[in-house]
1. Here are some conditions: (1) of a type in the set (A, V, I, L, M); (2) farther than 15 Å from S230 by Cα; (3) touching a Gly at 6+ places or on another chain (Cβ under 8 Å). A97 meets all but one. Which one does it not meet?
2. Please go through the range 286-343 and give me each residue that is among the small types (G, A, S), under 19 Å from the mean Cα position of the chain (by Cα) and over 27 Å from E221 (Cβ atoms), ordered by number.
3. Tell me, which residue of the range 82-118 that is of a type in the set (A, V, I, L, M, F, W, C) and in contact with an Asp or Glu (Cβ under 6 Å, 6 or more places away or on another chain) is farthest from G192 (Cα to Cα)?
4. I'm trying to understand the selection: among the residues of the range 335-354, which are crowded, with 19+ Cβ neighbours inside 10 Å and not in a loop (DSSP other than H, G, I, E, B)?
5. Identify, please: which residue in the range 108-141 is hydrophobic (A, V, I, L, M, F, W, C) and in contact with a Lys or Arg (Cβ under 9 Å, 6 or more places away or on another chain) and is, among those, surrounded by the most Cβ atoms within 10 Å (Cβ to Cβ)?
6. Just the residues that are outside any loop (DSSP other than H, G, I, E, B) and within 24 Å of Y84 (Cα to Cα), please, taken from the range 94-120.
7. Given the residues G328, G324, which is the only one that is closer than 18 Å to K101 by Cβ, modelled with pLDDT under 95 and not assigned by TED's automatic domain parsing to the domain that holds A129?
8. Look at the range 315-334 and say how many of its residues are of a type outside the set (D, E) and not in a helix (DSSP H, G or I).
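The values are calculated or read from the model by the stated rules, or taken from the named source; none is laboratory data. Every value quoted in this text rests on a predicted model; they were computed, and no experiment measured them. Note that each Cβ is placed from the backbone with ideal geometry, even for glycine, and that neighbours are counted across all protein chains shown.
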Amino acid sequence: MAALTPVKSMSNGPPTTIKVALDWTPNTIHTGLYIAQQTGLYAQRNLDVHLLPPDASYTSTPAKRLEAGEVDLAICPSESCIAYQQSGSMPLQAIYALLQKDASAIVAKKMSNIASLGTDKLTYGSYNARYEDAIVKAMIKRAGGDPAGLKTQLHDTSDNNNNDNSSSSSSKDKNTSSKDNKLTLFDRLRAGEIDATWVFLPWEGVEAVQAGLDLTVVQMEDYGIPYGYSPVIARRNPDITSPNNTNNTNNTNTNNPSAAAAAVEPLDKETLWRFISATMEGYAQALTTPHEAAAVLKPFCSPPRSDAFLLESQKCVNGYYSDGSTLGRMSSRKWREWVEWLEGEELVGRGEVVVEGLFKNI
């Protein structure tokens, strides 16, 4: 296969800088972004794109960094868009779906099926993410188990830093314990400290296969539970002014992240389209040239990853980038099914979330 070749810059004045907050350390979810950056696809469109991973302790979610005006775009789950619409603190809107299908799953070493998490009193390693524990309990219930028996160990002790704008759906009751985040939850699963956790199949799933681990794998769709797009690239919607974010000078203070961010000029539609079109091209290249795509990503991985691992991960994730239609596009049907399920579980109020405001195909 031919190597990925940088393209010539088509400069027309100073390039527009775009800062993108990544949801995690660089991995194969992000390959198309790095291809677009490293081979000149962004530069060709007169863009200077900075891809910013979280800090080591994950002190602020990508959406919170966007709210604070630190970045122009944030990579986050669809849950963040819902949370911000509920709170009214920032009109967070998805503009590109990095994956078209759910690539996550709950994995366990000892579990016969997910009902075991409730009935056998196994310990689930929780990221304390929005709706996470409620989804796990719903899966246990649908499998015939007892959700009340779920024991959780939280990933870290920080102030719900995996959530945006309100407390987690998981309650810190007698069945919940905390542990610091020096090891990933998947590392703890491998070490036998927990019995099950949620993973990304094209990453930890590939790790498990290459390590010869025999894991039980269950997904939301196995129990008829819909899910939205995750992750997405999201922006602050310039067409909506949130109650906490008016454009008068009294609001531009460092104690109010939304007010501070109000002074940040939002990306216009033409600039966003240049970014989206280059990003699409980057992911299209990842689909057709996985060997070269993995090589582009490799220098950015921390800790370092082997060529064999990255290639297998890239081949795996390529099955999730697209559903056969245009890369990155989102459908109102999928968003609506996800929101309606959340309403049915009383995780959001009926009519509280307006689906049309959650996303926009640029």
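1. (2) is the only condition that A97 fails.
2. S302
3. Out of the qualifying residues, it is M90.
4. Residues satisfying the conditions are W335, W338, V339, W341, L342.
5. L117
6. A94, I95, Y96, A97, S104
7. Among G328, G324, only G324 is closer than 18 Å to K101 by Cβ, modelled with pLDDT under 95 and not assigned by TED's automatic domain parsing to the domain that holds A129.
8. 9
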